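The values are calculated or read from the model by the stated rules, or taken from the named source; none is laboratory data. The structure displayed is predicted, hence computed values, not measured ones. For neighbour counting, all protein chains shown are included, and Cβ atoms are generated from backbone atoms with ideal geometry for every residue, glycine included. Areas reflect the complete protein model, heavy atoms only, side chains present, ligands, DNA and RNA absent. Shrake-Rupley method; radii C 1.70, N 1.55, O 1.52, S 1.80 Å.
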Amino acid sequence: MKLQRKNRLRALSLGAIAVSGALALTACGSDDTSGESGGTKSKANAANIKCDDAKGQLAASGSSAQKNAIDAWRKVYSTACKDVQLNYNPTGSGAGITAFMQGQTAFAGSDSALKPEEIAASKKVCKNSQAIDLPMVGGPIAVGYNVPGVDNLVLDAETLAKIFDDKIKTWDDKAIKKLNPDAKLPGTKIQAFHRSDESGTTDNFTKYLKGAAPSAWSYEPGKSWEAKGGQSANGSSGVTGQVKQTPGAISYFELSYASDGISTVDLKTDAKEPVKATVDNASKAISEAKVVGKGNDLALELNYKPTAEGAYPITLVTYEVLCEKGNKAETLAATKSFLTYIASEDGQNVLKENDYAPIPAEIISKVRTTVAGLS
């Protein structure tokens with residue numbers, strides 16, 4: 001697991017995606033699952049997985065936010081269900097929904113719940129039914145930065161909004177100095193990077209800016225970046241790579257990508273102390289989410305101004321989007337088997353080990369019931 005986390009950014013290079021087009025579950029069938037504690041844990045978890053005669057190719061695509069979670073799950077799942085090959089292509093939430101709507105995939109990963117018009121359109125691909133949102137992965141959206149000589153940085157929602165709207169242009173700006181009186185801030189130009197692809201991470205990040213600093217962020221939240229200025233890069237790996245190699249850079253991405261020495265911002269909220277981007281702090285915020293979907297659609301409404309002390313407010317939830325009924329017969333068994341595993345206690349425990357937040361118990365129990373009834 002540790003080796004995987006060190007190499008995951010290289011594994012997600014655009015070239016690799018273009019060549020392979022997918023990440024095959026069975027490709028990790030020969031991974032060493034012995035020796036270290038992580039390997040022992042994988043063996044124990046695999047023993048609890050029910051394959052239920054699942055077999056064949058299972059195509060899915062979408063959210064790059066959950067790519068590292070899929071990587072971790074596949075190491076366990078593939079040891080139990082060797083006849084299933086899940087090809088998950090982290091193309092971004094928007095592209096994933098499009099592929100699903102066109103009948104190209106069994107399910108999509110999306111960091112934003114389906115809009116009403118998307119649910120209506122899904123009736124074309126879901127026979128006598130419609131698509132539903134199943135929350136499966138939670139976690140903080142970290143704000144990573146590269147400012148040489150600055151190891152600790154505090155920002156608030158208004159300052160972040162102005163940075164990403166090109167209103168604050170250098171790291172020694174008075175607004176940043178006020179929040180960091182003891183830091184040696186250079187006059188380096190700020191290089192703000194955002195996602196070039198349609199992204200649920202962008203959607204959730206801009207929802208936070210709009211909700212927490214409406215006077216400073218005039219744009220409507222969405223998967224596409226609307227603000228002026230800044231530079232773009234494709235996918236979570238793209239913006240992460242730019243932060244690593246560009247002095248003065250700042251961007252937003254899932255905490256699981258904040259590896260190899262990337263520093264992350266502590267958020268100034270209404271709490272007494274600035275809040276760090278951690279799984280536990282994100283869980284405190286996600287626990288205040290409400291189910292707003294109808295029926296078996298479990299779309300959530302996140303609270304970007306949580307009241308809990310220490311709650312980290314820039315969070316996202318990744319949904320697996322699929323048909324409630326009318327799923328393709330040839331992939332139904334594999335879909336239910338895999339989703340049953342990742343929604344299980346064992347599957348959710350894997351998340352925390354990989355810098356993600358498990359879905360709150362009262363919500364994930366509803367997910368398990370819904371998965372069991374898929375047809």
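General remarks:
- Members of the stretch 298-308 found to be in a strand (DSSP E or B) and touching a helix residue (DSSP H, G or I) at 6+ places or on another chain (Cβ under 9 Å), listed by number: 300
- Hey, residue 311 out of contact with any Asp or Glu (no Cβ under 6 Å at 6 or more places or on another chain), open to solvent by less than 10 Å² (accessible area, probe 1.4 Å) and in a loop (DSSP other than H, G, I, E, B) or not: yes
- Condition check for residue 82: of a type outside the set (Val, Ile, Thr), closer than 17 Å to residue 339 by Cα, in a loop (DSSP other than H, G, I, E, B) and touching a Gly at 6+ places or on another chain (Cβ under 8 Å): yes
- Per-region count, the stretch 98-138, residues open to solvent by less than 40 Å² (accessible area, probe 1.4 Å), modelled with pLDDT under 95 and more than 15 Å from the chain's Cα centre (by Cα): 0
- One residue alone among 228, 272, 223 is basic (Lys, Arg) and in contact with a helix residue (DSSP H, G or I) (Cβ under 9 Å, 6 or more places away or on another chain), and that residue is 223.
- From the options 282, 277, 271, residue that is closer than 21 Å to residue 199 by Cα and at pLDDT below 95: 282
- Pair list, Cβ < 6 Å and 6+ apart or interchain, from the stretch 145-174 residues that are open to solvent by 30 Å² or more (accessible area, probe 1.4 Å) to residues that are assigned to a helix (DSSP H, G or I): 146/243
- Looking across the stretch 309-341, the residues that are under 22 Å from the mean Cα position of the chain (by Cα) and either aliphatic (A, V, I, L, M) or more than 20 Å from residue 375 (Cα to Cα) (or both) come down to 310, 311, 312, 313, 314, 315, 316, 317, 318, 321, 322, 339.
- The residue of the stretch 121-158 that is nearest to residue 183 (Cα to Cα), among those that are among the hydroxyl-bearing types (Ser, Thr, Tyr) and not in a strand (DSSP E or B), is 122.
- Answer residue from the stretch 256-268, given it is modelled with pLDDT under 95 and of a type in the set (S, T, N, Q) and is surrounded by the most Cβ atoms within 10 Å (Cβ to Cβ) among those: 256
- Residue list for the stretch 278-301, filter: closer than 21 Å to residue 352 by Cα and open to solvent by less than 30 Å² (accessible area, probe 1.4 Å): 279, 281, 282, 285, 286, 289, 300
- Taking every residue in the stretch 177-189 that is in contact (Cβ under 8 Å) with a residue 24 or more places away in the chain and pairing it with any residue that is assigned to a loop (DSSP other than H, G, I, E, B), at least 6 positions away or on another chain, the pairs with Cβ-Cβ distances below 6 Å are 183/150; 184/149; 185/171; 185/172; 186/171; 188/171; 188/248; 189/248.
- Flag if residue 165 is closer than 30 Å to residue 344 by Cβ and of a type in the set (Asp, Glu): no
- Single unsatisfied condition, residue 76 versus (1) at pLDDT 95 or above; (2) more than 14 Å from the chain's Cα centre (by Cα); (3) surrounded by 23 or more Cβ atoms within 10 Å (Cβ to Cβ): (1)
- Per-region count, the stretch 218-238, residues surrounded by 15 or more Cβ atoms within 10 Å (Cβ to Cβ), over 23 Å from residue 289 (Cα atoms) and in contact (Cβ under 8 Å) with a residue 60 or more places away in the chain: 7
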